[in-house]
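Shown next, in C-alpha cells, is the structure this report addresses.
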Amino acid sequence: MAEFYPSDGHTPADDLARFLACVHPDDRAQIEEILGRALREVTTYSIEHRVILPAGGEGTVHQEGRFSCDENGVLAHGVGTIQDVTERRRSEEQVRLLTYFDELTGLPNREFLRQQLERSIATARRYQRSFAVLLLGLDQFKRFNETLGFKTGDTLLHEVAKRLATVIRTSDTVYRDAKATDPNQIAEQREGTIARLSGDEFVLVLTEIHNPEDAVVVAKRVARSLSDPFPIDGELLYVSACIGITIFPLDGDTADSLLERAEAAMHEAKTQGRGHHNCYSGAVKKRAQRKFLLENELREALRSDALEVYYQPRVDLKRRRVAGMEALARWRHPQLGWIGPDEFIPVAEQSGLIHSLGLWVARTACAQTRAWQKAGLQGLKVAINLSPAQFHDPDLCQSMLEVLDQAELAARWVEFELTESMLLEDADSSLATLTLLRKTDVGIAIDDFGTGYSSLSYLSRYPLTTLKIDRALIRDVHRTKEAASIASAIIALGHGLGLGVVAEGIEVVEQLRFLEAKDCDEVQGFHFARALPAQEFADWVAAGHVDLATTDRVPQLAHG
C-alpha cells in the first residue's frame, strides 16, 4: 500500500514527483499522462510499467490507486498499491518468445509467420498491393549433421539466419526484440519477415515489391550471399539453397496456399540441382498434384502388393553364361498406366515410403531367387539397390538378415548396390555398416562408378566386391579414344583392387567386343535384354541362354 500525505514539509505532489523519478525513462511520459488524467478526473487508475531499482537494473511493477483533491483542485491525498511483477513479466516474456520465435536462430517461427502473412494479406487487399513469399530450403543439410554433428549443424543454421538478415533490406525484415514480443507490436516495426519455418527451411516475406521480378532479384541476392563459406569450428562450410517463390494474390490468397505453393516451387527447384530458384506456375501445380496423387497411390500399391519386381540379366563374359540379375521395381497402375521409377522413386524418398519400398523389393527378389534355385536355375546372384535412407538406417543389417532367413537364401547369392555419394556422407558410419554386411557374406557393389567422387582412398578403405561402370562411360568406348581410355583404366583399377567389374548400358556388339578385350567380368544392357518380369526372365534363361557357346561373335540374346 502506498499513500501520499502532506508530511515533513513534503506535499503529495512532491511524493508523486519522487515516485515518478523512479519510473524507467522510456515509460515516464506514458505514466505521467495516465496519472495526470486520473488526477484531473479524480478516478482510479491501473497501470503496469518499468522502474529503476535502487541497486541498479530494472524491474516491473503493477500499481492501482486513486487521487483526491482539495476544493482548489490541488492534490491532497493519494492511495493505492504497488506490486512487484518482475518475475511474472519475465515468465510471460519467455512464453511469448517460445510461442513466436525460434529459440535457435532468434527469428520468428511458423506461428508468428502465419499471423504476419495474414496481416500482410489484409494490408495488400486494402491497398491493392502484391507481396512475395520466398521459401528457402538448404541443399543436403542433413549431411552436416551426420558428418559434423548436430552442434555444428545448429551453429550453421544460426549463421545462415544471420547471413539472411544482412542480405534483406531492413524494411523487409523483422527480428526478435526483447522490448516487443507481441506480434501486433512487432508488426508495426517492420513491413516484412524472415522466419525459420522448420529444420533447414526459412521463409522470406517481401512486402515492398512492384512486380514478380523483384522477388527473383532478391532470390538471386540470397543465393549469392550463401555461396560465401561459413567459418565454423575451424572449418569452412559451403552451403547452397533452393528457393520457391509465390506472389500474392497471383499464386494464392491465403497464408496456407502461399506457403504450400512456395514449398512446391522449392521442391521443383531442387529437382533442377543445387542453388536453383523457381517461381510457382501452372506446370508446377500440375506436377505437385501428380506427386500428391502418386504418393497416395504408392501407399496403396505397397499395401496391396500391386508393384512388381523386374529382373535384368547380367552376363559373365568369361564363362559366357548368365551370372545373375538386377532386381528393379516397376509399377503398372490400373488407371495411370506405366509409372517409371525415375518418377515414383523420388516420391517414395520424399514421402518416407522408400524404407517400405526397399524392404519389399529385397524380400520379393530374395524369395524369387530362392524359388528359381529350387526349380533348377542355379548360380544366379541377385543385385538389389539400396537407397540412401535404407543404407543409413541403423537396423539395415538386421532387417536384411531377416529377409534372407525368411527366404531361406544364402547371403552369397545377394549383392547390394550403393552409390559413391552414399558412402561419403558419413565415412565412419558407412565403413561400420559395410563391415557388418560383408560379415554376412553378401556382396557390395558401387553403382554408377565414374560419375561421382571416384576416390581411390575410399575404394581401398571399404570392403567392396564389385565396381559397376556407369552407362555414360560405356556409351562411346567404341567411338572415342577418351572414353575407351577411361573405361580401360576403371577396369584395370577394379582388378588391381581385387574387385569384379560390371559394365552397364551395353547396346551394341562393338561395346561388347571392347569390354571382352579389356577382360571386363560382367555386362548388362539392352543388347541382351531389358528388365523382364519374373516368369519372362525364367523363360528367357530356360530358352538356352544360361550356358552360351563360345563363338567368334557373341550372339545377341533375346530382347524383352
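Couple of notes before you dig in:
- Qualifying residue in region 480-488 (condition: farther than 21 Å from residue 381 by Cα, free of Cβ contacts under 8 Å to residues at least 24 places away in the same chain and among the basic types (Lys, Arg)): yes
- Output for region 338-348, where each listed residue is surrounded by fewer than 17 Cβ atoms within 10 Å (Cβ to Cβ) and either among the basic types (Lys, Arg) or touching a residue at least 40 places away in the same chain (Cβ under 8 Å) (or both): 343, 346
- Residue that is nearest to the chain's Cα centre (by Cα) [pool: residues in region 235-263 that are surrounded by fewer than 22 Cβ atoms within 10 Å (Cβ to Cβ) and hydrophobic (A, V, I, L, M, F, W, C)]: 259
- In this entry, residue 480 passes the filter for residues that are of a type outside the set (Lys, Arg), out of contact with any Cys (no Cβ under 9 Å at 6 or more places or on another chain) and loosely packed, with under 15 Cβ neighbours inside 10 Å.
- Picking from residues in region 291-337 that are without any contact (Cβ under 8 Å) to a residue 60 or more places away in the chain and assigned to a strand (DSSP E or B), the one that is nearest to residue 543 (Cα to Cα) is 327.
- Restricting attention to region 494-511, the residues that are outside any loop (DSSP other than H, G, I, E, B) and either among the aromatic types (Phe, Trp, Tyr) or surrounded by fewer than 17 Cβ atoms within 10 Å (Cβ to Cβ) (or both) add up to 4.
- Helices (runs of 4 or more DSSP H) wholly inside region 358-453 that include at least 2 residues being under 20 Å from residue 309 (Cα atoms), polar (S, T, N, Q) and in contact (Cβ under 8 Å) with a residue 12 or more places away in the chain: 396-407
- Number of residues in region 306-316 that are surrounded by fewer than 21 Cβ atoms within 10 Å (Cβ to Cβ) and more than 20 Å from residue 361 (Cβ to Cβ) equals 1.
- Flag if residue 219 is under 20 Å from the mean Cα position of the chain (by Cα) and either not assigned by TED's automatic domain parsing to the domain that holds residue 359 or not in a strand (DSSP E or B) (or both): yes
- Of all the listed residues (212, 231), the sole one being over 21 Å from the mean Cα position of the chain (by Cα) and in contact (Cβ under 8 Å) with a residue 24 or more places away in the chain is 212.
- If you filter region 437-451 down to residues that are more than 15 Å from residue 385 (Cβ to Cβ) and crowded, with 16+ Cβ neighbours inside 10 Å, you find that the one that is modelled with the lowest pLDDT is 450.
- Evaluated against (1) in contact with a Phe, Trp or Tyr (Cβ under 7 Å, 6 or more places away or on another chain); (2) at pLDDT 80 or above, residue 65 falls short on exactly one condition, (2).
- Taken over region 507-530, the criterion of being over 39 Å from the mean Cα position of the chain (by Cα), more than 14 Å from residue 469 (Cα to Cα) and basic (Lys, Arg) is satisfied by 513 alone.
- Which numbered condition residue 469 fails, given (1) within 24 Å of residue 313 (Cβ to Cβ); (2) of a type in the set (Val, Ile, Thr); (3) loosely packed, with under 14 Cβ neighbours inside 10 Å: (3)
The values are calculated or read from the model by the stated rules, or taken from the named source; none is laboratory data. Every value quoted in this text rests on a predicted model; they were computed, and no experiment measured them. Ideal geometry is used to build each Cβ from the backbone, glycine not excepted, and the neighbour counts take in all protein chains shown.
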